[in-house]
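Data first, discussion second: the structure below is written as structure tokens.
The values are calculated or read from the model by the stated rules, or taken from the named source; none is laboratory data. The structure presented is a predicted model; accordingly, all values stated were derived computationally and were not measured. Here the Cβ is made from the backbone with ideal geometry for all residues, glycine too, and neighbour counts use every protein chain on show.
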Amino acid sequence: MLTLARRGFLQGLGVTAGASMVPLIASAQTRRNVVVGVQRLPENISPGRDTSDFTVPISYNVFDKLIELDFQNQMAPAPGLATSWEIKDHKEITFRLREGVKFHNGDTMTAEDVAFTYSKERRESDGPVRLSQFFSNIAEVHVVDPLTVRIVMDGVDPILEQRFAMWSGEVVNKRAYLAAESYAAWALNPVGTGPFKVDSLNTDAFNLIAFDDHWRGQPNIASLKFVEVPEVAGRIAGLASGDFDMITVVPADQIDTIESYGDIEVVGGPGAKMRILIFNQGEFAHPMMKNVHFRRALSLSVDRQLIADALFAGRASVPNGLQLPSFGDIYDASYPKPAYDLARAKEELTLSGYNGEVIDYPLLPNVIDTEVAVAEVLAEMWRGVGINVELQIRENWKQITKAHHSIRNMSATMVWQDPATVLWRLFKPSVIKGRGWGWENEAFISGGKILEENPDPVARRQAFKTMMEEWETNDPMGIVLFQEVWLYGKKKDLDWQPYTLPYLDFGPANI
């Protein structure tokens, strides 16, 4: 069956679905220079390799994708560098490219650039490991004509459209990429089609300048500067003094401090990201972690709403499972929120035979927002039902990864607006084995194969429900804590809006 995807979306200059994607207008004489204080800078700008929360916000301004997400319409796919696309049998997608798009080096984008972006040559080269991971099922890439590309997958792909709308799908300039001495050299001077081009990338600051030939129109600010300031107090002081126009990673307990000033404010809220816990059952975990009753007791004794309200000033929310409404037809609004039941927790603990053994929970401070504070509250909740969890501060991830933990936390970002984005991507058997987590659940695996291979929404919805029940309730591999919040401080006169993904969009459609 041949399906026509998004035909008829506005194909004019930069106009797509949703008001947020219509360019605003500012004269060159009034364009301001914007400085952003960030908690951490990446080593470079490398789409296809680094998809962390401190890289993606910056790279979003340098690159574009074939399909973009409309943040005013439940993150629905909308035209980007492609004006339209056709999907055939969930195995093949043909893109019609936007004409006249310019790269930062002056080259005009053609099908050759797009085909190279997703080519086996680039996917399997040194560098873009995430591209290889997210697009490993591409079998063939064909240039049909200068503005048409056909991509064939190696089997049915139910999330084919979503795959090209998310990070690692950014289109690169073929000539500049191949001319670079190495991947590292290219990542320090990358060439994209985004509204800003790289001026300089230094260890303490990244400098971008407006790309006035951007296909959506001229950006409404002249330049962007991202400055690394690890300490919250330093970022807030810089915002209050006027050194920064905006800052990232604002803790909820600092909202009142920022809003006590007259000219700055806090914006943001729940994002497409969940804070979860992992219950390791591998060889390095405490033996009690293999006991299903013990893991159920860990889950039932957590008051998630209390954590969301107390630590995030009411801006965080507790989701009903590892899902978001943006999952569309697969989203199950009737699925219940995680249970908090101390009586049942104590019953499960009795059944487990637990006898007060110390359960380790290693973590890193200042990597995930409020990580230590959340862990401290969790430890107290578990102590309340008789579970002895010891928090252990580590110096680096190597001391936690490879399953050297019993409990650990994790941030799970919705890479695709589909159930496969978290549950199957992060907990499929190959990942479980690679991480050494020692969990195997046949019902979960069967459901995951349906998510991966079956495009029927009814079958996928039921499979997803079964997977959620197994993962968090029946045979807990982990639990959902809350939907994370992205909070930013900014000057009130900066007309900028946050998204539910960590993109810092300073393009003509959002400022």
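Contact list please: Cβ distance under 9 Å, first residue in region 110-125 and in the same structural domain as Ser136 (by TED's automatic domain parsing) and assigned to a helix (DSSP H, G or I), second residue modelled with pLDDT of 95 or more and small (Gly, Ala, Ser), pairs at least six apart or on different chains.
Going by the 9 Å Cβ cut-off, the qualifying pairs are Val114/Ala82.
Can you tell me which residue among Asp212, Asp204 is surrounded by fewer than 18 Cβ atoms within 10 Å (Cβ to Cβ), among the charged types (D, E, K, R) and touching a strand residue (DSSP E or B) at 6+ places or on another chain (Cβ under 9 Å)? Give the steps one after another, and end with the answer.
Working: Asp212 fails: touching a strand residue (DSSP E or B) at 6+ places or on another chain (Cβ under 9 Å).
Every option except Asp204 fails the conditions.
Looking at the structure I just gave you, is Gly321 outside the structural domain of Gln74 (by TED's automatic domain parsing), within 20 Å of the chain's Cα centre (by Cα), at positive phi and buried (at least 22 other Cβ atoms within 10 Å of the Cβ)?
yes
Could you list, in sequence order, the residues of region 414-438 that are hydrophobic (A, V, I, L, M, F, W, C) and in contact with a helix residue (DSSP H, G or I) (Cβ under 6 Å, 6 or more places away or on another chain)?
Keep residues of region 414-438 that are hydrophobic (A, V, I, L, M, F, W, C), which gives 414-416, 420, 422-424, 426-427, 431-432, 437.
Listed by number, the residues that qualify are Met414, Val415, Trp416, Ala420, Leu423, Trp424.
Output the residue which, of all residues in region 113-164 that are acidic (Asp, Glu) and closer than 18 Å to Gly80 by Cβ, is surrounded by the most Cβ atoms within 10 Å (Cβ to Cβ).
Pass one, region 113-164, residues acidic (Asp, Glu): 113, 121, 124, 126, 140, 145, 154, 157, 161.
The next check asks that each one be closer than 18 Å to Gly80 by Cβ; those that pass are 113, 161.
Details: Asp113: 25, Glu161: 20.
Applying the filter and picking the extreme gives Asp113.
Filter region 347-384 down to residues that are over 18 Å from Ile278 (Cα atoms) and crowded, with 17+ Cβ neighbours inside 10 Å, then give me how many there are.
Within region 347-384, residues that are over 18 Å from Ile278 (Cα atoms) and crowded, with 17+ Cβ neighbours inside 10 Å number 4.
Quick one: which of Pro429, Pro502 is modelled with pLDDT of 95 or more and either of a type outside the set (A, V, I, L, M) or surrounded by fewer than 20 Cβ atoms within 10 Å (Cβ to Cβ) (or both)?
Details: Pro502 fails: modelled with pLDDT of 95 or more.
Pro429 is the lone residue from the list that is modelled with pLDDT of 95 or more and either of a type outside the set (A, V, I, L, M) or surrounded by fewer than 20 Cβ atoms within 10 Å (Cβ to Cβ) (or both).
Considering only strands (runs of 3 or more DSSP E) fully contained in region 1-100, which possess at least 2 residues that are charged (D, E, K, R) and either at pLDDT below 95 or touching a strand residue (DSSP E or B) at 6+ places or on another chain (Cβ under 8 Å) (or both)? It would help to see each step written out before you state the result.
Numbers: elements: 2-5, 32-38, 67-70, 76-79, 82-88, 92-97.
Passing ranges, in order: 67-70, 82-88, 92-97.
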